[in-house]
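Asker: I'd like to ask you about the structure that follows.
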Amino acid sequence: MAAWDLSVTVEDLGPDTPPVSLSVTSDLHVGGVILKLVEKTQIKRDWSDHALWWEQKQCWLLRTAWSLEKYGIHADARLHFMPQHKPLKLGLPNGITLRLHACYSSPVFQTVMHICRMLNIRHPEELSLLRPIEEKKKKKDKDSTEEIYDLTEVPLSSASRPCLYNGMPAHFADSPQMEAVYKMLSVTQPPPAPEVIAKQYRPASVVDKAHINGRWLDSSRCLMQQGIQENDRLWLRFKYFTFYDIEPKYDVVRLTQLYEQARWAILLEDIDCTEEEMMLFGALQYHISKVSQSEPQMLSSSAAMDDLESALQSLEVKMEGESSSASEMLENMTAPELNDYLKIFRPKRLTLKGYKQYWFKFQDTSISYFKSKEESIGEPIQQINLKGCEVAPDVNMAAQKFLIRLLIPAPEGMNEVYLRCENEQQYAQWMAGCRLASKGKSLADNSYQSEIQSIHSFLAMQKTNSSSHGNAPANDESINTHSLVSPRYHKKYKAKQLTPRILDAYQNVAQLSLTDAVMRFIQVWQALPDFGLSYIVVRFKGSRKDEVLGIAPNRLIRIDLGVGDVVKTWRYNNMKQWNVNWDIRQMAIEFEGNVNIAFSCVTADCKIVHEFIGGYIFMSTRSREKSDVLNEELFHKLTGGHEAL
Amino acid sequence: MEDIDAMFSDLLGEMDLLTQSLGQETVPPEALPPTNQEVNYSIGFTDLNESLHELEDNDLDALMADLVADLNATEEKLAAEIKGLKTPSPTTSDLPPPPKGLSLHPPSPHPLPASPASSTSSSVSTPASSAASSLPPPPPQNAKPTKEEIEAQMKADKIKLALEKLKEAKVKKLVVKVLMNDGSSKTLMVDERQNVREVLDNLFEKTHCDCNVDWSLCETNPELQLDRTFEDHENLVEPLSAWMRDSENQVLFQERGEKYEVFKNPQNFYLWKKDKRALKDIKDKDKEILIQENFCGTSIIVPDLEGVLHLKEDGKKSWKQRLFQLRASGIYYVPKGKTKSSRDLVCFLQFDNVNVYYGKDFKTKYKAPTDFCFVLKHPQIQKESQYIKYLCCDDARTMNLWVTGIRIAKYGVSLYENYKTAEKKAAVNSVWMNRSTPSSSNPSTPSPTIKAKTPNQANGHAPKPQPTAPDSMDFGNFPPPPSADILPPPPPDPAFPPPPPSLPAKSSSRPVAPQHKLPANFPPPPMAMDNLPPPPLPPPIDDSPEAPPDFLPPPPPAAGFGSLPPPPLSMNSLPPPPHFGGMDQSLPPPPPDPEFLPPPPPEPVFTGAGAPPPPPPPPPPPPAQAAAVPRAPVRPSGSVRKVPPAPPKRTTPSLQVGGGGGGGDFMSELMVAMQKKRGDH
């Protein structure tokens, strides 16, 4: 067989080095080529991760047993010899960039699996990679200052190392730097400065939202094939909004990143919500950031001990609980109470008296008041049970106004009562009492002190907001409430006005643990009507105008751009089959009852749409018994299109 | 000795208290002395008296049984909880804890001062004694270990008791009259901790209905023309406490198809926009998928309802149309001239503090456009108020969509859990029904059940671990171990914390219940003594205690224990307590003290009697009051009759409640089923 020259560029020799020329025959297999090449370079090193990339055909020559002939390689082929794993800059949902080695030769689906394993995110099938939105290069290029966490030191073989008890991959325990990376991954970020939120790109319409979905990479092809180069930047995001089997114990990173993605979706109005919902999201963010700062991290360097420790702790608590039940009961008998002079006002009553001072006593869940302290032994003028009432603050620090507005239910309706406190301290105590009482808890409840604390910290927030304008928050106690809501509300409300509204929502979540608060945030997000919709602009067959196809975990919806309304819904479980005509780039879907639809995709490749639908169908096939093993083959079957088949 | 006497008197006093409280809550069976009611236990219900008066004897008996069982169960539970504590604190003696605990004023105040001698005799008189009778109260006397020990123990026990009492006292109970479908009514006692599901189960047993998932408890408010079904996880007492004194509100027991319709036909709610024809043909598989999607995920999905509803304007008679939207976070409307986009929506209300009600006949009452109205209001609002929101829909379907949607938003996953529980209940029942149908004759008649039970008892008893467990436990805890030799049985009972597991109750309602009940009543005793001194009613208790030691040293310790074996014999033969002897014979029927609480005692007795006999087959005679005591033989017949029917049924429910039937749901249901079946035969 005739020998001919094959030129191969060896990347490791540097970009300026001319290609290495090898004399080969067509029946030489790829492995042999590599062997020859390595011998020729005279470099001794581990070449095991290297492979040949065929530039013209945009494919890897990974089957080393195949001959050049079989691959169809001739003398004109430009081959590159390079590592399959290369550094990639990965933008995480929390906005932080991570540098790590990703596989450029396997399908993106697998690459994501590897990345997720490295980061300790379970269920990688729910995530994928997308090309970031180009940031408008502004005068000052901030990239230089951006902090990049580096994970490139992690050996590729690390996946085989056993995880620690809490599921933390062992490589994160290797060095303080690695621990810092893990902390970044697993701890929620502090609220962003309002300017940062305002500066980010915000989709203004459904069509805008549709554009982002044109950026998803193809899961069945590799990074190289999709033009991703070494050190390029990609985003890692949750793509399929069906979060399977969330287990806070093992899903610390997953939950944290999910929360971050949800938080940004809310802040950037990627998903719409009402004002009330926004306030709740704000309150949850505030609470989460506060708790994650104060609470000892769920995973610190001693993470391995956590399990045991927490188990011991809970045991202790249990035992304590058992042995002290009687003394507790005794304690309960002498329930704490509050006694003080306060001023009361009943707006509904037609009196002109205004605020009147009485001696107040807060006991259990009710307030009673007397003419004076001396008469407090006798019958109160009135006793008000606060259980089930609504409590609202009316505070103005500057004016030293500390008002508690109570809306107290009675058979005849709700009675309005205002209590006026003299100072911050008094207000915090009585307000906390009212809050608890409205939920049927007494002052003896162990959340009383923390309730007082949170009221104080909110008051502090108002103080700093009113005094220091726009200055960066001095201490962590005072968060600018504009950091917690979308820019729309920056315009609508001053931070000072926002504070009481968020505080209002905050009372219902103030007692949640960190994990519960994160879960609650995600749940409320999931309960939004538009949750889980990925939009694509399409043109339906026979229609002359663009419309929007919304792809949800369980259905497709058709949105009329003119009306902005959902015109039609099709559920996957009524779907009989779907086809892609790759030549004319058209999707055709058949539903039960002889319903057929067909459309071409405008803002995204039809492969992306195809993959979305197939992906969701794949997600629905996951079941508990098989949850450990990811059926990759099925995924590709459902999403791959003709290349995969 | 004085100490012991004091203790004993304490015990009796406590019993007294207990029985009194029982009397108050319920209503003494036959001869209802008004006094009881006056004692006013905090009952949120005004028409309690009426409803009680309306009750038939049977009902009262049953109710009484409920009460007793209930109390006992809770007390035992408490005792069990507190067992751990054995701190002998000096304070105890002074502690008038029980008084506080019980809302009763009279008895509590009196400490233990009562003279020892008198105490013993007096103790007998307490009405409570009847209940206690079965118990071997005597422990004190027998026990002659070191005084210090005893003292310490007793003090510790007193503390425990005091604490128990306190806790128990905080538990609010209501006597509730429930209107049945057929216009009749049933009365039952519900305590604060019971949820609607438990009450429903209770009613299932009393009514022999088919237990399907549609059975609901509904609250009506005639003044506002509203009604709503309680959710199964709600506590019943709380909403009822919001009723006003003169309220005409009622609780109904009905089948309400709409209660769980969303789980039977989720497509009608989650796919309501689709055409109805398609929805009709939906496959079961698809229904299941819908439920999975919306109720089994990380977050509960609320149906996306949107539509024009009529809203009654505040304080006016006019109704205004608005475009409303339901979201998980509340109801919103689209303000005039705005788009439907989320950010423009105005919050109409959120669900934290309101319940949703169906409005009845609002067309006439409020000039509503249609009669398909629903209302949102704070549960405590009982009269017309600007804080009530009235909404009107075009048709019944829309109304049900909204009301159900609001319930899903408000209650979330609880709703689905309720449904699953209800479904399970229905399934178990239907299995049973199918089996029993062939043989079934007249299941409802009480008498058959009773007979059936006797045999059961044997069965039921054997398996129960309770007897053994408690015994051993008791001893351990019990300070005065000495007694054990002589009278092992008695002491344990009082101390008895171990609440009878749910199983026993169900299987053989009587057998178990009795033992436990008695003990339960017993422990608290400290107070009553003083009050009672004069009336020397020698309820069996006293006799037995005294007598046994002398004459019958080793009463049948092991199995029968407290309940029957030992006492009867000794009693009869026992001449020592002159009063008693005489009393017994003459007293049987009116045993209790006239002065104090004549009425209450009889009932407790009966119930107790009914229950205790189980273990010993020969129960018939003893059952009545004396079960444990001498009397049993004498008076049996009369009392027995009454007793049997009521106790069985009652006990079951109450026990479940008390026991906090976490454990053997299935078992208990089985037992119930078996009972019924036997009854049928």
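Just so you know, all these numbers are worked out from the coordinates, no wet-lab data involved. In this text the structure is predicted, and so the values were computed from the model without any measurement. Every residue, glycine as well, gets a Cβ built from its backbone with ideal geometry; the counts of neighbours run over all protein chains shown.
Asker: In this structure, is B:D371 within 30 Å of B:E238 (Cα to Cα) and assigned to a loop (DSSP other than H, G, I, E, B)?
Answerer: Yes.
Asker: Hey, can you tell me all the residues within region A:480-508 that are within 12 Å of chain B (Cβ to nearest Cβ) and within 20 Å of A:R435 (Cα to Cα)?
Answerer: A:R501, A:D504, A:A505, A:Q507, A:N508, listed by residue number.
Asker: Quick one: is B:S385 free of Cβ contacts under 8 Å to residues at least 40 places away in the same chain and either farther than 21 Å from A:G388 by Cα or more than 12 Å from chain A (Cβ to nearest Cβ) (or both)?
Answerer: Against the criterion (free of Cβ contacts under 8 Å to residues at least 40 places away in the same chain and either farther than 21 Å from A:G388 by Cα or more than 12 Å from chain A (Cβ to nearest Cβ) (or both)), B:S385 does not qualify.
Asker: Output the number of residues of region B:327-341 satisfying the condition of being facing chain A (nearest Cβ under 10 Å), assigned to a loop (DSSP other than H, G, I, E, B) and touching a helix residue (DSSP H, G or I) at 6+ places or on another chain (Cβ under 8 Å).
Answerer: Going through region B:327-341 one residue at a time, the tally reaches 2.
Asker: Looking only at region A:374-419, count every residue that is assigned to a loop (DSSP other than H, G, I, E, B) and within 14 Å of chain B (Cβ to nearest Cβ) and tell me the total.
Answerer: 6
Asker: Every residue in region B:287-314 that is touching a strand residue (DSSP E or B) at 6+ places or on another chain (Cβ under 8 Å) and either more than 12 Å from chain A (Cβ to nearest Cβ) or charged (D, E, K, R) (or both), please.
Answerer: B:D304, B:E306, B:G307, B:V308, B:L309, B:H310, B:L311, B:K312, B:E313
Asker: Counting only residues that are more than 14 Å from every other protein chain (Cβ to nearest Cβ) and polar (S, T, N, Q), how many does region B:197-250 have?
Answerer: Number satisfying all stated conditions: 8.
Asker: Identify the single condition in (1) under 16 Å from A:A262 (Cβ atoms); (2) free of Cβ contacts under 8 Å to residues at least 60 places away in the same chain; (3) more than 10 Å from chain B (Cβ to nearest Cβ) that A:A527 does not satisfy, given that it satisfies every other one.
Answerer: Failing condition for A:A527: (3).
Asker: Follow-up question, since we're still on this one. Tally the residues that are in contact (Cβ under 8 Å) with a residue 40 or more places away in the chain, assigned to a loop (DSSP other than H, G, I, E, B) and of a type outside the set (A, V, I, L, M), restricting the search to region B:195-218.
Answerer: The total comes to 5.
Asker: If you don't mind, there's one more thing I want to ask. Out of everything in region B:342-378 that is away from every other protein chain (no Cβ under 14 Å) and among the acidic types (D, E), what residue ends up being farthest from the chain's Cα centre (by Cα)?
Answerer: Residues of region B:342-378 that are away from every other protein chain (no Cβ under 14 Å), as a first pass: B:356-374.
If we keep only those that are among the acidic types (D, E) too, we end up with B:361, B:371.
On the way: B:D361: 36, B:D371: 38 Å.
Among residues in region B:342-378 that are away from every other protein chain (no Cβ under 14 Å) and among the acidic types (D, E), the one farthest from the chain's Cα centre (by Cα) is B:D371.
Asker: I would also like to ask the following. Could we say that A:A77 is of a type outside the set (F, W, Y) and under 29 Å from A:P155 (Cα atoms) here?
Answerer: On the way: of a type outside the set (F, W, Y): yes; under 29 Å from A:P155 (Cα atoms): no.
In short, no.
Asker: Within region B:149-190, which residues are in a loop (DSSP other than H, G, I, E, B) and more than 14 Å from chain A (Cβ to nearest Cβ)?
Answerer: B:M180, B:N181, B:D182, B:G183, B:S184
Asker: Now for a separate question. Could you please find all residues in region A:227-255 being away from every other protein chain (no Cβ under 14 Å) and touching a Pro at 6+ places or on another chain (Cβ under 9 Å)?
Answerer: A:E230, A:N231, A:R233, A:L234, A:W235, A:L236, A:R237
Asker: For region A:1-99, please list each of the strands (runs of 3 or more DSSP E) lying entirely inside it that holds at least 3 residues being of a type outside the set (G, A, S) and over 30 Å from A:A180 (Cβ atoms).
Answerer: It comes to A:3-10, A:20-25, A:50-54, A:59-61, A:79-83.
Asker: Continuing with this model, one more query. Is there a residue in region B:315-323 that is within 11 Å of another protein chain (Cβ to nearest Cβ) and either of a type outside the set (D, E) or touching a Leu at 6+ places or on another chain (Cβ under 7 Å) (or both)?
Answerer: No: zero hits.
Asker: Right, something else. Just need a number here: residues in region A:560-604 that are more than 14 Å from chain B (Cβ to nearest Cβ), farther than 13 Å from A:V548 by Cβ and in contact with a strand residue (DSSP E or B) (Cβ under 9 Å, 6 or more places away or on another chain).
Answerer: Within region A:560-604, residues that are more than 14 Å from chain B (Cβ to nearest Cβ), farther than 13 Å from A:V548 by Cβ and in contact with a strand residue (DSSP E or B) (Cβ under 9 Å, 6 or more places away or on another chain) number 16.
Asker: Does B:N418 satisfy the condition of being touching a strand residue (DSSP E or B) at 6+ places or on another chain (Cβ under 7 Å), more than 9 Å from chain A (Cβ to nearest Cβ) and over 21 Å from B:V308 (Cβ atoms)?
Answerer: no
Asker: Go through region A:400-441 and give me each residue that's crowded, with 21+ Cβ neighbours inside 10 Å and of a type in the set (S, T, Y).
Answerer: Hits for region A:400-441 are A:Y427, A:S438.
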